[in-house]
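**Q** Just dropping this structure here.
Read the figures in this text as sums done on the coordinates, not as results from a lab. All values reported here derive from a predicted model rather than from experimental measurement. Note: ideal-geometry Cβ built from the backbone for every residue, glycine included; neighbour counts use all protein chains shown.
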Amino acid sequence: MNAPGMAAPSLYSHMNLKEYSSAFTHRSLEFTDYPLSGVISENPGIMPGAFAFISGSGRTVWEIIEELKRLKDDDRIGGLVFRNQIIQASWTNIHELERALLDFKSEGKKIIWYFEAADTNNYALAAATGDAVYLNPSG
C-alpha cells in the first residue's frame, strides 16, 4: 500500500529478440563480429626467449589497419560488432586504430561495441568510434 500522494511503484522490462537491433537501420547488410582483443603492438614479436613478452605476441596495429581497409571496401559488410574486445595497446596504437575505424565508417558503415567491463582506454576508443556502445551496468 502506498502512502497518500505517492505514486505506485513501476517495473519496466524490455525484451528484444535481436541483439542490438535498435542500432541497425540497414537490415539487409551484414554485421560481422570482429576479433580485436589482446596485445596490439607496433611490430611483430622479434625477441626470442624470456623477453618475448616485451615485444608482444598478438597482431600488429598495421595488420589490423590493413584488414579494416579490406572490410571497408567489402560491399557485403554493413558494420562491425566488437563483443568484449579488451585490447592492450599504447595510446599511439589506440589513436591509429581510432583513425582506421573512423575511416571504415566513412563509407557509411556502422560500429557497435559491447563490454562486460571496460577500462579507460577501451571505453575511449569505443566512445570515439562507435555508433552505439553497450556496457553491462556492473561493468
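**Q** Leaving out same-chain residues fewer than 8 places away, which aspartates and glutamates sit with a Cα under 16 Å from that of Lys109?
**A** Those aspartates and glutamates meeting the cut-off are Glu30, Asp33, Glu67, Asp73, Asp74, Asp75, Glu98, Asp131.
**Q** What are the semi-axes of the equivalent ellipsoid of the range 68-139, taken as the square roots of 5 times the eigenvalues of the Cα gyration tensor, listed largest first and rounded to whole Å?
**A** They are 21, 15, 9 Å, listed largest first.
**Q** FRET efficiency for Arg70 and Leu135, Cβ-Cβ distance as r, R0 = 25 Å, nearest 0.05?
**A** Efficiency for this residue pair is about 0.30.
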